[in-house]
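Here the structure is laid out as structure tokens; the discussion comes afterwards.
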Amino acid sequence: MTYLDIFKQLNAIPRPSHHEEQVADFLCHFAEEHNLTYRRDANNCVVIEKPASPGYENHEPVVILNHMDMVCVAEPEKPFNPQTSAIEAVTYEENGERWMRANGTSLGADNGIGLSMALAILADDTLHHPTLEVLTTTNEEDGMSGAAGLESDFIKGRRIINLDSEAYDEITVASAGAYMQKAKLPYHRISMPKDYVAYDVSVFGGKGGHSGVDINLGRGNAIKILANLLLVAIRQLNIKLYIINFRGGQAAAAIPGEAEAKVVVPIEEKENFEMLVKQCDEALMAQYSETDTDLEVTCDETVWNGTIINEEGTHLLLASLNAIPVGPVAMRDGSAPGSTLGSSSNVLTSNNIGIVKQSTNAFTVSIHTRSFDNNALHDMATNISQIFSLTGAEVECQMDLSSWQEEEDNEFITLALDSFQNTLGFKPKKVSMHFALEAGYLVEKFPGVHIVSIGPRILYPHSTHECVNLNTAENIWKVTLSLLKSV
């Protein structure tokens with residue numbers, strides 16, 4: 001059974017964050033089928049143990065780390081329920097290389113490919129390795145509560161291979177800290193005034209992407225664009241606009257490529273409002289002509305006879321979304337954010353508004369802040385919390401993870417570099433990445449651990465454009481086996 005066979009099985013199991021029970025069951029059954037011992041904790045994190053192969057009994061155990069959840073996003077027209085729908089993978093060739101993507105959804109190669117490799121290693125009794133602990137955590141993509149809740153004796157190994165990286169020719173030796181918070185903004189509804197007309201306003205076509213590794217690519221945040229457009233109508237054109245509903249984004253850790261609102265404006269302001277939307281669409285084409293070419297904004301007149309959100313609730317939502325920064329906020333080299341796209345590893349601090357949802361009496365907004373500077377991380381998180389607090393919102397912290405930096409000269413990293421050299425003929429770069437890794441929790445929870453993070457080339461994770469290069473996946477498979485043997 002190859003890791004691609006296992007990945008196909010994995011993609012038949014719905015596994016959005018917070019709903020990992022089925023995949024945890026799958027992992028436990030997998031262990032039982034291969035006569036391996038396992039443990040499962042209250043958060044559905046699973047560790048499967050495999051004894052050392054002959055000759056490796058006296059070597060230190062090695063942990064292979066992955067997470068079982070995935071960011072589930074789908075194209076607007078795609079019938080897809082994250083809790084019940086399977087992922088439909090498609091393989092194809094491009095420029096002589098093999099790739100895999102999904103049909104209309106995110107693929108889940110982040111981190112399903114790494115997890116599939118770990119399970120394939122467990123299933124293969126011909127390989128050379130020390131005692132293995134395959135640790136698979138839950139909710140990595142939306143708060144890392146699985147890693148945060150691990151008991152201090154859940155694993156024994158202190159050398160961890162993390163297969164949750166997306167840059168094939170790099171070894172991640174440091175990752176940004178992350179702070180996730182959720183704000184609940186209450187509102188009240190009133191009757192719709194006379195002589196008003198309703199519009200459906202949509203921002204769509206954005207590429208989206210991972211709010212860490214893609215944050216430097218200059219892509220539009222559809223939630224921010226829509227909120228700014230409606231606020232300009234109110235503040236600069238003096239249009240007495242009211243919101244009926246507002247929603248956007250599908251995952252807290254993803255740049256939202258779409259957002260929509262239903263609003264009402266006075267009949268006499270129809271022409272001005274429609275002209276503003278047209279101007280906004282033209283501005284988007286110019287601003288994102290190189291980075292987000294399909295981004296659009298439209299408005300369509302519709303019929304509405306129900307209630308609307310009052311003036312205060314409308315203004316508080318739009319003003320708070322407008323006040324919160326998105327994208328890179330500070331660069332590690334001191335340059336101005338946006339002055340050059342460069343690599344996400346050049347970003348010191350960033351922020352993303354990932355989701356706006358609406359219930360009968362409140363909006364819920366999810367915000368994800370990242371930084372290599374823990375003080376800067378908490379300063380920004382505090383400022384955002386205060387902005388929402390001024391609106392009367394309830395603010396809840398969902399994740400507070402410190403940045404992680406591996407020792408530059410530790411033996412485990414040297415072994416990983418040598419495994420690349422001996423297997424593939426090159427040594428990868430050692431990099432710091434602007435995404436959060438569970439390493440930040442593990443180094444605190446399990447003193448003495450050393451971590452290397454590797455993986456195949458995965459493009460556009462957390463988006464419907466997500467794809468994995470299968471040639472690099474095969475090479476990472478070989479490197480992982482070499483590393484286990486050399487350890």
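What follows is calculated from the coordinates using simple rules that are stated; it is not laboratory data. These numbers were taken from a predicted model, which means no experiment stands behind them. Cβ atoms come from the backbone with ideal geometry, glycine included; neighbour counts cover every protein chain shown.
Quick look at the numbers
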{"quantity": "Order of ASP5, ASP409, ASP142, ASP300 under a 10 Å beta carbon neighbour criterion, fewest first", "calculated": "ASP409, ASP300, ASP5, ASP142"}
{"quantity": "Residue (of VAL134, VAL232, CYS299) at the positive-pole extreme of the chain, dipole from beta-carbon charges", "calculated": "VAL232"}
{"quantity": "Sequence of THR414, THR480, THR298 once ranked by neighbouring C-beta atoms within 10 Å, starting from the fewest", "calculated": "THR414, THR298, THR480"}
{"quantity": "Taking all pairs of distinct alpha-carbon atoms in the chain, Kirkwood radius in angstrom", "calculated": "23.5 Å"}
{"quantity": "MET399 long-range amide H proximity, modeled H, under 5 Å", "calculated": "MET180"}
{"quantity": "Scattering profile of segment 355-487 at q = 0.14, 0.20, 0.21 Å⁻¹ [log10 I(q)/I(0), Debye over alpha-carbon scatterers]", "calculated": "-0.86, -1.25, -1.31"}
{"quantity": "Shape of segment 326-405, Cα gyration tensor, a/c cut at 1.5", "calculated": "prolate"}
{"quantity": "Relative counts (whole %) of C-alpha pair distances in segment 42-160, using bins that are 10 Å wide", "calculated": "12, 33, 30, 20, 5, 0"}
{"quantity": "Least to most buried among PHE246, PHE154, PHE80, PHE426 (fewest other Cβ within 10 Å first)", "calculated": "PHE426, PHE154, PHE80, PHE246"}
{"quantity": "D_trans [Stokes-Einstein, Kirkwood Rh over alpha-carbon pairs] for segment 257-316, 37 °C, 0.692 mPa s, µm² s⁻¹", "calculated": "240 µm²/s"}
{"quantity": "Positive-end extreme of charge dipole, the chain - chosen from GLN83, CYS280, TYR441 (charges on Cβ)", "calculated": "CYS280"}
{"quantity": "Positive dipole terminus of the chain, leading residue within HIS67, ILE223, ILE384 (C-beta point charges)", "calculated": "ILE384"}
{"quantity": "Degrees separating the helix 411-424 axis from the principal Cα axis of the chain, which is the longest one", "calculated": "90 degrees"}
{"quantity": "DSSP loop GluC sites (Glu not before Pro) with at most 10 other Cβ within 10 Å: longest gap in the chain", "calculated": "78-289"}
{"quantity": "Reachable lysines from LYS478, criterion Cα separation under 17 angstrom, eight or more residues apart if same chain", "calculated": "LYS427"}
{"quantity": "Full-stretch length increase - ALA336, ASP409 - with 0.36 nm per residue and alpha-carbon distance subtracted", "calculated": "23.1 nm"}
{"quantity": "Segments 197-203, 106-112 sorted - mean Cβ within 10 Å per residue, highest first", "calculated": "106-112, 197-203"}
{"quantity": "Fraction of the pair-distance distribution of segment 247-290 above 14 Å, Cα-Cα pairs, percent", "calculated": "67 percent"}
{"quantity": "R0 of 22 Å, Cβ-Cβ distance ARG98-ALA12: FRET efficiency to nearest 0.05", "calculated": "0.55"}
{"quantity": "Cβ-derived FRET efficiency at R0 60 Å, PHE426 paired with MET275, nearest 0.05", "calculated": "0.60"}
{"quantity": "Dipole magnitude of the chain, debye to nearest 20 (Cβ charges: Lys/Arg +1, Asp/Glu -1, about Cα centre)", "calculated": "520 debye"}
{"quantity": "MRE, 222 nm, helices only [DSSP H, n ≥ 4, -39500 (n - 2.57), over the chain, to nearest 500]", "calculated": "-9000 deg cm²/dmol"}
{"quantity": "Radius of gyration and Dmax over the Cα atoms of segment 179-400, both given in Å", "calculated": "17.4, 55"}
{"quantity": "Proximal lysines to LYS207, defined as alpha-carbon separation beneath 24 angstrom and excluding residues fewer than eight positions away on the same chain", "calculated": "LYS78, LYS182, LYS224, LYS262, LYS278, LYS357"}
{"quantity": "Dipole magnitude (debye, nearest 20) for segment 179-400, charges at Cβ of Lys, Arg, Asp, Glu", "calculated": "500 debye"}
